[in-house]
Amino acid sequence: MSEETTETRAARKVREGIVTSDKMDKTAVVTVTERVRHPKYNKTLQRAKKLYVHDESNDLNIGDRVRVMETRPLSKQKRWRVVEVLERAR
């Protein structure tokens, strides 16, 4: 890949979350919790998103903390891939 394309391409999104399901083949569901301030009431809220993540080696287990990165669409719902496992479930 030439140097010009890497400079023009936007940085990919990176998120941290906890694996909530690993029942699919080569796919895991990662829940990403984010703290958001309510615009009117200024209260801090927790919002959760479920991301479908590509797990090529099927080594993720429920409860693992992982870092995921946005990637090209891999299926109808999968747009993320595992970058690293931060912490294994106990």
Under 11 Å from a label point 7 Å along Cα→Cβ of residue 89: give me every residue in the stretch 22-48 with its amide N that close. 22-23, 29
Order of 74, 51, 86 under a 10 Å beta carbon neighbour criterion, fewest first: 86, 74, 51
Could you list 29, 14, 53 so that the one with the fewest beta carbons within 10 Å of its beta carbon is first and the one with the most is last? 14, 29, 53
To make sure I understand, if each residue's beta carbon is the centre and we count other beta carbons within 10 Å, what order do 54, 38 fall in, fewest to most? 38, 54
Identify, among 75, 41, 53, the residue whose Cα sits farthest towards the positive end of the charge dipole of the stretch 13-87, taking +1 on the Cβ of Lys and Arg and -1 on the Cβ of Asp and Glu, with the dipole about the Cα centre. 41
With charges set only on the Cβ (+1 for Lys and Arg, -1 for Asp and Glu), what does the dipole of the chain come to about its Cα centre, in debye to the nearest 20? 740 debye
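Coordinate-derived values only; no laboratory data. Everything numeric here is computed off the predicted structure, so don't read it as measured data. For neighbour counting, all protein chains shown are included, and Cβ atoms are generated from backbone atoms with ideal geometry for every residue, glycine included.
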